[in-house]
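The values are calculated or read from the model by the stated rules, or taken from the named source; none is laboratory data. Remember, it's a predicted structure, so these values are computed and weren't measured experimentally. Every residue, glycine as well, gets a Cβ built from its backbone with ideal geometry; the counts of neighbours run over all protein chains shown.
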Amino acid sequence: MLKYRINKLNELFSSIAENRLLYIPSDGTDGRAHYTRWQDGIVLSDKLNTVRSAKDFFFPQSENLIEFERNGKEIKVNDIRKEPEDFVIFGVRACDAASFDILDRVFLSEPVDSYYASRREHGIVMTLACDRPAETCFCTTFGIDPACPGGDISCWQSGDWIYIEANTEKGKVFLNGLDLAMEQCDENEIAEDKKVICERIGKLPINNLPMDCFGAGKTETYFNDPAWAKLSESCLGCGTCTFVCPTCQCYDIKDFDTGSSIRRFRCWDSCMYSDFTMMSAGQPRPTQLERFRQRFMHKLVYFPENNDGIFGCVGCGRCLSRCPISMNIVKVIKNLGGNSNV
């Protein structure tokens, strides 16, 4: 493990940015944290989480896929992809780091999504431990440890120091290439800090929700549960929960006429929208209840059914804080799980 003076954090960022693009959470004009490309003068936010997750760096909200040019009866196909530049994302929390494992299962399974895979190859994730988890956090429900945030490189802020530890070979090579005088240290120096983080999250109101009743093989148990009607009746179908979620991976593919060619692109979509997966025969889930049920059944039952029991949620709490009518996955878990005192 290495440590570096916290008052020299700007020098650390400068060293990283010499050879790679660097993005850090920084407060925007709205007072909330957003990932921002670092340059001198950009300050690391002290907010717990960014408005949108770091998912954007590997699965952007919109991206061009391919282009078609027509000349008479001839059609020319242009590969308009550009090789991503090497980049580093600093300050990723444990929940968002865990979300990459979920996205990898979707985009890196055969057939591999080459757009996503290329970004994963060029990106380095530097996580930052959560010293003060929020009341909306419930990552430990899914076995995530906010005191050991993972990623290619883990970081902890403690006193006058920032502690740094490489977790992957890519992370080790990257750290060795930084021209900085970091001090070697023992991981016991932050043992007390890790303990305090665990104690704090252990006191949160929705820490360690009971998940034994969910997972693979529970489709028949919950699909026709009458609780869906009550839970979904106030849902606006706005899709906010899906757009701030670090694990949602639905997208639509569209064509755009540029005037000289047809550009095919993909953009995020939401299972909460009435036109989601609409076909010539109509919408397979015509009611808001069905669309609402699809979102949460996918995270709590369908995804673990096909992914070794791993749930499609990381407990980041964004949907709790951003939903305009305060409906979220925690309420669904408690109601379907037999505890309606929410």
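Within the range 168-184, residues that are within 15 Å of G123 (Cβ to Cβ) sit with their Cβ atoms under 6 Å from residues that are outside any strand (DSSP E or B), at 6+ positions apart or across chains, in these pairs: T168/D152; K170/D152; G171/D152. Tell me yes or no: at least one residue of the range 284-301 is buried (at least 19 other Cβ atoms within 10 Å of the Cβ), of a type in the set (V, I, T) and within 18 Å of the chain's Cα centre (by Cα). No. No other residue among C267, C250 is under 30 Å from K76 (Cα atoms), surrounded by 15 or more Cβ atoms within 10 Å (Cβ to Cβ), assigned by TED's automatic domain parsing to the domain that holds P304 and under 20 Å from the mean Cα position of the chain (by Cα) apart from C250.
Kindly provide the set of residues from the range 271-321 that are polar (S, T, N, Q), at pLDDT below 95 and either part of a loop (DSSP other than H, G, I, E, B) or outside the structural domain of E233 (by TED's automatic domain parsing) (or both), ordered by number. Passing the criteria: S274, T277, S280, Q283, T287.
In a residue-by-residue description of the range 135-145, the property of being without any contact (Cβ under 8 Å) to a residue 60 or more places away in the chain and buried (at least 16 other Cβ atoms within 10 Å of the Cβ) applies to at least one position. No other residue among R93, R132 is in contact (Cβ under 8 Å) with a residue 24 or more places away in the chain, within 23 Å of G171 (Cβ to Cβ) and not assigned by TED's automatic domain parsing to the domain that holds Y251 apart from R93. Output yes when any residue across the range 76-87 is within 26 Å of L128 (Cα to Cα) and crowded, with 16+ Cβ neighbours inside 10 Å, and no when none is. Among the residues of the range 76-87, at least one is within 26 Å of L128 (Cα to Cα) and crowded, with 16+ Cβ neighbours inside 10 Å, which makes the answer yes.
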